[in-house]
Amino acid sequence: MYLRCLNTLDAAGIKTISSQALAEQFNLNSAQIRKDLGYFGEFGVRGVGYYVQDLRDHITKILGLDNPHRVGIVGAGRLGTALANYNGLARSNFSVAALFDNDKEKIGRRVGDAKLLIHDVEKLATVIREESIDVMVIAVPAKAAQKVLNRVMSAGIKAVLNFAPASLTTRLGVKVKTVDLTTSLESLSYFLATPKDRKTASRSSARTARAQDQAKEERVVKE
């Protein structure tokens, strides 16, 4: 989130920004920003705030995004091919190197502008090694997800993005991030079902918290 915000500021030519201004512009909490960034080191300058480009470079390195990552996708259905065609990945130093499927009619075909080859999932370990893939995406039905994950982990992959609506069991040292569209939609449904007065109270509390953060920040600068 912070990197995306800083990229936007840098593109706009903004050189410095305070935590309060950053919070207001991107609907964040200034105290949480200082806490989060402070976990990785001292980035802010008293009376100035943060140097946008320097902070962006630091966060890029912390996230490991200063090095390119090659991605493989298991599941060449609608979701898998849509992800392979997503141009936004390149902006974060990710590139899709290969797709995999077990459908004989899909294997051997090429998809997208990059003409990515769909490989037989049985050759997954070999292709991962040959293409230097270090991140895998699972875009298969829930019932097949654990089997695919086991195969991916056996191939030495440590980072997996899972789109299957299933709870997966991982090995020690393997990170699996699950994107659950249903849960996200349920959260939006809850928002729509929440009474208007409760939403108003929530926004009021948020504004009060931001005002308190700003007052604290001003006291620190004066000291």
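The values are calculated or read from the model by the stated rules, or taken from the named source; none is laboratory data. Because the structure is predicted, anything quoted here is derived from the model rather than measured. Every residue, glycine among them, receives a Cβ derived from its backbone with ideal geometry; neighbour counts consider all protein chains shown.
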Original post:
Can you find a residue in region 117-125 that is part of a loop (DSSP other than H, G, I, E, B), in the same structural domain as Val174 (by TED's automatic domain parsing), within 20 Å of Tyr86 (Cα to Cα) and modelled with pLDDT of 95 or more?
Top reply: no
Original post:
Quick one: how many residues across region 151-163 are surrounded by 14 or more Cβ atoms within 10 Å (Cβ to Cβ), over 23 Å from Asn93 (Cβ atoms) and of a type outside the set (A, V, I, L, M, F, W, C)?
Top reply: 1
Subject >> Complete set of residues in region 1-23 that are over 25 Å from Leu89 (Cα atoms), of a type outside the set (Gly, Ala, Ser) and surrounded by 14 or more Cβ atoms within 10 Å (Cβ to Cβ) >> reply: Thr16, Ile17, Gln20
Original post:
In this structure, is Ser167 hydroxyl-bearing (Ser, Thr, Tyr) and at pLDDT 90 or above?
Top reply: yes
Original post:
In region 124-142, what count of residues is obtained for those that are free of Cβ contacts under 8 Å to residues at least 12 places away in the same chain and of a type in the set (D, E, K, R)?
Top reply: 1
Original post:
When region 98-113 is examined, which residues are found to be surrounded by 13 or more Cβ atoms within 10 Å (Cβ to Cβ) and over 11 Å from Ile73 (Cα atoms)?
Top reply: Asn102, Asp103, Lys106, Ile107, Arg109, Val111, Gly112
**OP:** Select from region 1-32 the residues that are among the hydroxyl-bearing types (Ser, Thr, Tyr) and in a helix (DSSP H, G or I) and list them in ascending order.
**Re:** Tyr2, Thr8, Ser19, Ser30
Original post:
If you go through region 129-142 one residue at a time, do you hit one that is part of a helix (DSSP H, G or I) and of a type outside the set (Gly, Ala, Ser)?
Top reply: yes
Original post:
Which residues, taken from region 33-56, are in a loop (DSSP other than H, G, I, E, B) and touching a strand residue (DSSP E or B) at 6+ places or on another chain (Cβ under 7 Å)?
Top reply: Phe43, Gly44, Val48
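Would you call Lys61 of a type outside the set (Val, Ile, Thr), in a helix (DSSP H, G or I), exposed (fewer than 13 other Cβ atoms within 10 Å of the Cβ) and without any contact (Cβ under 8 Å) to a residue 12 or more places away in the chain?
Details: of a type outside the set (Val, Ile, Thr): yes; in a helix (DSSP H, G or I): yes; exposed (fewer than 13 other Cβ atoms within 10 Å of the Cβ): yes; without any contact (Cβ under 8 Å) to a residue 12 or more places away in the chain: yes.
So Lys61 passes the test.
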Subject >> Hits in region 125-145 (condition: surrounded by 18 or more Cβ atoms within 10 Å (Cβ to Cβ) and more than 15 Å from Val96 (Cβ to Cβ)) >> reply: Val140, Ala145
